Protein chains: 2
Amino acid sequence: MTAAITYEHIKTCKQSGARLGRVHTPHGTIETPMFMPVGTLATVKTMSPEDLKAMDAQIILSNTYHLWLRPGEEIIKEAGGLHQFMNWDKPILTDSGGFQVFSLSDLRKITEEGVHFRNHLSGEKLFLSPEKAMQIQHVLGSDIMMAFDECPPYPADHSYMKASVERTSRWAERCLAEHKRSGKDSVQGLFGIIQGGEYEDLRKQSANDLTALDFPGYAVGGLSVGEPKDVMNHVLEFTTPLMPEDKPRYLMGVGSPDSLIDGAIRGIDMFDCVLPTRIARNGTCMTSAGRLVVRNAKYARDFSPLDEKCDCHVCRTYSRAYIRHLIKCEETFGFRLTTYHNLYFLLNLMKQVRQAIMDDCLLDFREQFFEEYGFNKENARNF
Amino acid sequence: MTAAITYEHIKTCKQSGARLGRVHTPHGTIETPMFMPVGTLATVKTMSPEDLKAMDAQIILSNTYHLWLRPGEEIIKEAGGLHQFMNWDKPILTDSGGFQVFSLSDLRKITEEGVHFRNHLSGEKLFLSPEKAMQIQHVLGSDIMMAFDECPPYPADHSYMKASVERTSRWAERCLAEHKRSGKDSVQGLFGIIQGGEYEDLRKQSANDLTALDFPGYAVGGLSVGEPKDVMNHVLEFTTPLMPEDKPRYLMGVGSPDSLIDGAIRGIDMFDCVLPTRIARNGTCMTSAGRLVVRNAKYARDFSPLDEKCDCHVCRTYSRAYIRHLIKCEETFGFRLTTYHNLYFLLNLMKQVRQAIMDDCLLDFREQFFEEYGFNKENARNF
């Protein structure tokens with residue numbers, strides 16, 4: 001039996017140690033390191049599948065928790081799965097719902113069996129367990145599924161984190177058992193999630209537990225939850241060496257340009273984040289010269305593109321003045337344009353990162369990119 | 001000097017009297033009868049110019065009043081005109097702002113000189129005159145400009161309407177003088193607007209006044225303002241014969257499928273309306289089998305297209321269940337899909353109307369279309 005998900009290593013950057021590779025999935029191959037646009041509710045907000053293909057998105061992420069609530073997994077099952085429901089024939093990764101249960105829902109109660117909580121929309125009582133999280137993702141039919149884990153808030157004390165890591169390991173085992181039982185493991189790959197917060201001993205314990213279960217890929221969870229960037233980088237430095245070299249490594253919830261580069265340098269292959277799409281809907285853009293709030297009055301008569309150095313369709317076609325006008329008028333098309341540009345910007349950044357790995361110069365690329373973007377300035381913004 | 005706008009008559013339907021023709025404009029030729037999508041604020045809500053081209057939109061309408069307020073005509077002037085500002089290289093028609101001044105603004109005061117009113121967004125005092133309405137449209141650079149008129153509410157009594165018609169005629173003369181003075185009449189064509197409400201004598205007076213001024217095209221204004229459909233059809237029956245046969249005839253603000261067909265039968269060439277785009281954003285679609293409120297619960301598990309007989313991209317690709325899910329979640333992409341479909345539906349309807357004129361069978365087509373759509377039922381909805 002062929003595994004659903006395999007990792008092919010191409011080369012390691014001699015300057016930085018970053019990995020260039022490919023992840024093979026049932027819906028196609030993905031060049032890594034790469035960024036995944038987030039399509040929470042079976043749509044990347046404001047975008048069409050054609051838009052995503054035009055910007056060279058290789059894979060999207062969708063959220064199990066949100067789809068479970070709306071439209072409900074039964075409807076997606078009747079549609080023939082998520083790919084068919086939303087007309088996306090490239091790879092899809094789904095999370096487990098765990099993160100949303102912990103961040104969105106009210107009155108949650110964690111037991112060994114799973115999590116009791118209330119639907120954040122209707123208040124209805126719900127229960128999510130490792131088995132249920134697998135069953136929903138089996139119905140969704142994603143190429144890459146994620147194990148059901150607990151993502152504790154930052155900061156969490158060592159004793160809480162240790163108990164949580166151990167439960168997450170037990171849940172991972174149950175996820176894997178349910179996945180094997182389903183017979184879907186030849187068409188969907190299940191990734192384990194390493195937790196442990198900022199504690200090196202707990203990251204080690206989590207990585208040991210999970211790698212023993214032999215998942216086809218591993219994520220680093222519990223980062224980008226409010227900790228400083230240097231903490232995140234430090235945790236990655238001692239965590240990625242614990243992860244198998246022949247499996248893809250996924251850093252969850254990270255999407256600021258600096259962190260994508262810094263993550264790749266620390267051996268990460270996959271990233272996702274709502275950042276580029278969320279800030280786009282607030283009129284904020286990522287550009288090679290840094291953050292640009294195009295809704296600001298100073299762009300009212302600025303007929304240059306969002307980013308002079310960007311060759312995306314938006315930058316080749318529309319002016320800041322036009323985009324600002326649309327956003328000031330709350331015209332949807334304005335949010336389409338900023339969303340398209342921001343996603344293109346990150347996808348293109350990852351292309352440049354891959355080229356720099358190929359050329360063994362990712363640290364040089366980082367230095368130049370950070371300088372131009374403004375990340376080297378004091379009090380630099382996160383994105 | 002070549003006129004900016006010319007009308008080429010191709011044939012008249014032997015069965016119905018409807019006209020098949022072409023309107024030649026500085027940005028290309030339009031097959032008539034046709035429908036114009038409305039792009040109020042320099043964007044057809046939720047659509048891109050590429051979307052509009054993919055659905056074969058030949059021309060769009062944009063609103064002088066709204067663009068004057070936001071972003072202001074000076075910014076569009078600096079951009080090089082509306083075509084360039086919004087990246088639309090096909091024809092544009094702009095209205096005069098008159099209709100919005102009368103329908104949207106507060107505290108308006110009509111004088112012989114023009115209309116004093118308050119900006120409906122900021123409350124700022126503004127003044128719009130025939131000359132100013134021309135000057136703004138000259139800056140916008142639309143292919144077809146509209147004369148500044150008064151559009152009285154329905155019903156209005158005969159004496160008010162008569163005074164209004166006479167003022168509108170005097171304003172039309174001032175519009176034409178300003179347009180000629182500008183030297184723009186070789187690149188922008190100015191249409192006159194026939195008013196007079198439901199009064200045959202006043203429509204005749206208005207038509208006589210305006211045709212004497214020799215505009216390159218004429219609109220019928222003051223319909224679709226709340227009067228019953230049979231009143232509208234009756235007014236058209238005695239008004240279109242008053243309009244020159246060698247000029248395009250434009251029925252303003254009409255977009256329900258039945259009225260498009262009934263207007264064409266009465267000799268109308270051009271239509272515009274926000275109806276298809278507005279109802280789309282409420283989850284309502286036009287289909288060959290009638291009105292379909294796709295947000296309704298009964299479509300939650302309906303995996304058929306919006307319209308089985310429609311070959312638009314949306315109907316070939318997405319299910320009612322998916323579109324309903326998006327709209328229930330207020331996902332922009334859902335509104336993109338319903339908007340695209342509704343506009344395609346009307347543009348395609350006009351293609352069918354043109355073919356039926358060519359085949360001398362528009363009355364037969366009307367009968368079949370009305371039957372299938374449900375317009376022949378008692379208490380049929382307007383769209």
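Need a quick list: helices (runs of 4 or more DSSP H) entirely within the range A:55-98 having at least 3 residues that are over 14 Å from residue A:119 (Cβ atoms) and more than 13 Å from chain B (Cβ to nearest Cβ).
none
Taking strands (runs of 3 or more DSSP E) that fall entirely within the range A:102-177, which contain at least 1 residues that are crowded, with 22+ Cβ neighbours inside 10 Å?
Because the criterion is at least 1 residues that are crowded, with 22+ Cβ neighbours inside 10 Å, the strands (runs of 3 or more DSSP E) in the range A:102-177 that meet it are A:115-118, A:125-128, A:144-146.
Which of the following residues is at pLDDT 95 or above and touching a Ser or Thr at 6+ places or on another chain (Cβ under 6 Å): A:308, A:367, A:331, A:371?
Only one candidate qualifies: A:331.
With out of contact with any Ser or Thr (no Cβ under 7 Å at 6 or more places or on another chain) and either within 30 Å of residue A:71 (Cα to Cα) or modelled with pLDDT of 95 or more (or both) as the only criterion, which of B:346, B:326, B:362 stands out?
B:346
Looking at A:84, A:58, can you tell me which residue is surrounded by fewer than 21 Cβ atoms within 10 Å (Cβ to Cβ) and among the polar types (S, T, N, Q)?
Going through A:84, A:58 in turn, the sole match is A:84.
Taking the range A:368-383 on its own, how many of its residues are closer than 20 Å to residue A:308 by Cα and loosely packed, with under 15 Cβ neighbours inside 10 Å? Can you show your working first?
Residues of the range A:368-383 that are closer than 20 Å to residue A:308 by Cα, as a first pass: A:368-375, A:383.
Restricting the remaining residues to those that are loosely packed, with under 15 Cβ neighbours inside 10 Å gives A:368, A:371-372, A:374.
Selection size over the range A:368-383: 4.
Test of understanding: among A:296, A:348, which residue is within 17 Å of the chain's Cα centre (by Cα) and surrounded by fewer than 21 Cβ atoms within 10 Å (Cβ to Cβ)?
One residue alone meets the criteria, A:348.
Name every residue in the range A:287-334 that is free of Cβ contacts under 8 Å to residues at least 40 places away in the same chain, facing another protein chain (nearest Cβ under 10 Å) and among the small types (Gly, Ala, Ser), in order of residue number.
Selection gives A:300, A:319, A:321.
For residues in the range B:1-21 being in contact with a strand residue (DSSP E or B) (Cβ under 8 Å, 6 or more places away or on another chain) and closer than 24 Å to residue B:176 by Cα, which is surrounded by the most Cβ atoms within 10 Å (Cβ to Cβ)?
To start, the set of residues in the range B:1-21 that are in contact with a strand residue (DSSP E or B) (Cβ under 8 Å, 6 or more places away or on another chain) comprises B:3-13, B:18-21.
Within this subset, residues satisfying the condition of being closer than 24 Å to residue B:176 by Cα are B:3-8.
Working: B:3: 12, B:4: 20, B:5: 25, B:6: 17, B:7: 20, B:8: 13.
Residue satisfying both the conditions and the ranking: B:5.
Given the options B:44, B:101, B:38, name the one that is touching a Pro at 6+ places or on another chain (Cβ under 8 Å) and in the same structural domain as residue B:126 (by the TED database).
B:44
The values are calculated or read from the model by the stated rules, or taken from the named source; none is laboratory data. Fair warning: this is a prediction, and the values are worked out from it, not measured in the lab. Heads up, the Cβs are rebuilt from the backbone with ideal geometry, glycines too, and the neighbour counts pull from every protein chain shown.
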